[in-house]
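**Q** To start, I am sharing the structure in question, which I have written as structure tokens.
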Amino acid sequence: SVDPFLLIRKLFIDYGYSKFTKIINKLFLVFHSVVFLLQAHYIISNFSLDFLARYGCMMTFTAYILNQGMTNMSCSIIIEAKSWKILNDHLNSGWSIDSAGQKARKAILKKAKIFNNFSYLLFVFFAIKTIIMYPAFGGENELILCVEVFDKHFGTFSKIPYFFYFASLPFFSYSCLRLCYVMTYATLQMQVQTFLICEHIGQISIGYDNDDELKKRHGICYQEDICKRLSFCIKHHIILKRIIKKLANLAQPCMIVLLTVSVPCMIGILSFILYYIEDASNILKIRLACMTTCILLIMYMFCKSGQALFDETSCIFDTLVNCPWYIWNAKNRKILLIFLINSLEPLKFSFAGITLDYRLAV
């Protein structure tokens, strides 16, 4: 079966949890944790509201990145085996995008293309954000406190941690995206499967298009086929609900921490913009604009995928209601009622009352 989101899987799952990536992640995480503590100590030693407001922006952003790194490491160490088992269960039980015909296949690939193009745009923004953070563009002292900290603690050897810090920025930009894309990939796969369920329900009378309603009502073969097809769709719908519940329970602690740290990070950036944007240099304004844009794009991607899953699964109930149930026998109507009850509540990713949809962005 063709995976319409193959790039995401290869880049953020297969490579993201490889042995090499884990080693690099641990190395950079330890280094940036030490740097973060040195910066925190430097702020406490030289505390002033002006000093805190100026560098608090980057400190909260660094805390957000470190938190993502720690969360990714926790995922790879603690829940990786479970997450891979759930993912394999989904891949083994998932329907092929060709299962509902060429029309459905084209619709899925069209939606996947739109999302992939958005991902390319996000990659470009993150690449620009990473590049303009380098000291070659100047003004790094306006935003990054570690330059001053390295000079104080390491003196003439400050260039070594200085180089290591900026050399690790591309990998940390990748870490910012990784966990978000892993959850988004799972959401997108669920969305594809629910779309296929809707398509199969819409084609439930396929093969009997030339028969009139009277012949269908009294046709034993037709009623048996409807029973098999309804049971087939119900079984897959239940499997999807179980997978989503398992993923939500597994990722809930990680996502709560990430969302909690994202809020002060955004507040830190906005407060910096309000107080210092008039006196900031042009390169600093560009850096802040790129950082803010990247955070907003990630939030939009997260909420968009969750909302799309909610909307797609809402269509299952509407599609079932529009089925020609009035010509089905009593057994098939009972199966339909069970399916309707199971599909009353759309599928969604919820973490301790926090749901991935447009309301989260607002």
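The values are calculated or read from the model by the stated rules, or taken from the named source; none is laboratory data. Quantities reported herein were computed from a predicted structural model and do not represent experimental measurements. We place every Cβ from the backbone using ideal geometry, glycine too, and count neighbours over all the protein chains shown. Just so you know, the surface numbers come from the protein's heavy atoms only, side chains and all, with ligands and any DNA or RNA stripped out. Shrake-Rupley method; radii C 1.70, N 1.55, O 1.52, S 1.80 Å.
**Q** Could you list, in sequence order, the residues of the stretch 5-27 that are among the aromatic types (Phe, Trp, Tyr), open to solvent by less than 60 Å² (accessible area, probe 1.4 Å) and either part of a loop (DSSP other than H, G, I, E, B) or more than 16 Å from residue 177 (Cα to Cα) (or both)? Spell out the reasoning first.
**A** First, the residues of the stretch 5-27 that are among the aromatic types (Phe, Trp, Tyr): 5, 12, 15, 17, 20.
Going one step further and asking which of them are open to solvent by less than 60 Å² (accessible area, probe 1.4 Å), we end up with 5, 12, 17.
The answer is 5, 17.
**Q** Right, here's the next one. Hey, can you tell me all the residues within the stretch 128-138 that are free of Cβ contacts under 8 Å to residues at least 24 places away in the same chain and under 23 Å from residue 301 (Cα atoms)? Spell out the reasoning first.
**A** We begin by selecting, within the stretch 128-138, every residue free of Cβ contacts under 8 Å to residues at least 24 places away in the same chain; these are 131, 136.
Passing the criteria: only 131.
**Q** Same structure again: Of the residues that make up the stretch 137-144, is at least one open to solvent by less than 60 Å² (accessible area, probe 1.4 Å), at pLDDT 65 or above and among the aliphatic types (A, V, I, L, M)?
**A** For the stretch 137-144, residues open to solvent by less than 60 Å² (accessible area, probe 1.4 Å), at pLDDT 65 or above and among the aliphatic types (A, V, I, L, M): present.
Conditions tested, residue by residue: (1) at pLDDT below 80; (2) open to solvent by less than 30 Å² (accessible area, probe 1.4 Å); (3) assigned to a helix (DSSP H, G or I).
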site: 235; (1), (2), (3): no, no, yes
site: 239; (1), (2), (3): no, no, yes
site: 252; (1), (2), (3): yes, no, yes
site: 256; (1), (2), (3): yes, no, yes
site: 260; (1), (2), (3): yes, no, yes
site: 266; (1), (2), (3): yes, no, yes
site: 272; (1), (2), (3): yes, yes, yes
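**Q** Is it the case that some residue within the stretch 185-194 is under 24 Å from the mean Cα position of the chain (by Cα), outside any helix (DSSP H, G or I), of a type in the set (S, T, N, Q) and buried (at least 18 other Cβ atoms within 10 Å of the Cβ)?
**A** Among the residues of the stretch 185-194, not one is under 24 Å from the mean Cα position of the chain (by Cα), outside any helix (DSSP H, G or I), of a type in the set (S, T, N, Q) and buried (at least 18 other Cβ atoms within 10 Å of the Cβ), which makes the answer no.
**Q** Another question about this same structure. What are the residues in the stretch 145-170 that are modelled with pLDDT under 80 and under 21 Å from residue 16 (Cα atoms), if any?
**A** 169
**Q** In addition: Filter the stretch 293-323 for residues that are farther than 23 Å from residue 177 by Cα and hydrophobic (A, V, I, L, M, F, W, C) and give the result.
**A** 315, 316, 317, 320, 321, 323
**Q** Residue 2 fails exactly one of the following numbered conditions: (1) of a type in the set (Val, Ile, Thr); (2) surrounded by fewer than 18 Cβ atoms within 10 Å (Cβ to Cβ); (3) assigned to a helix (DSSP H, G or I). What is the number of that condition?
**A** Answer for residue 2: the failing condition is (3).
**Q** Here are some conditions: (1) within 29 Å of residue 342 (Cα to Cα); (2) in a helix (DSSP H, G or I). Residue 207 meets all but one. Which one does it not meet?
**A** Condition (2) is where residue 207 drops out.
**Q** Any residue in the stretch 146-173 that is in contact (Cβ under 8 Å) with a residue 24 or more places away in the chain sitting within a Cβ distance under 8 Å of a residue that is surrounded by fewer than 16 Cβ atoms within 10 Å (Cβ to Cβ) and among the hydroxyl-bearing types (Ser, Thr, Tyr)? List the pairs, counting only those 6 or more apart or interchain.
**A** That search, which allows pairs on different chains as well, returns 166/134; 169/134.
**Q** Let me ask you something else. Condition test on residue 226, is it closer than 16 Å to residue 316 by Cα, aliphatic (A, V, I, L, M) and in contact (Cβ under 8 Å) with a residue 40 or more places away in the chain?
**A** Criteria not met by residue 226.
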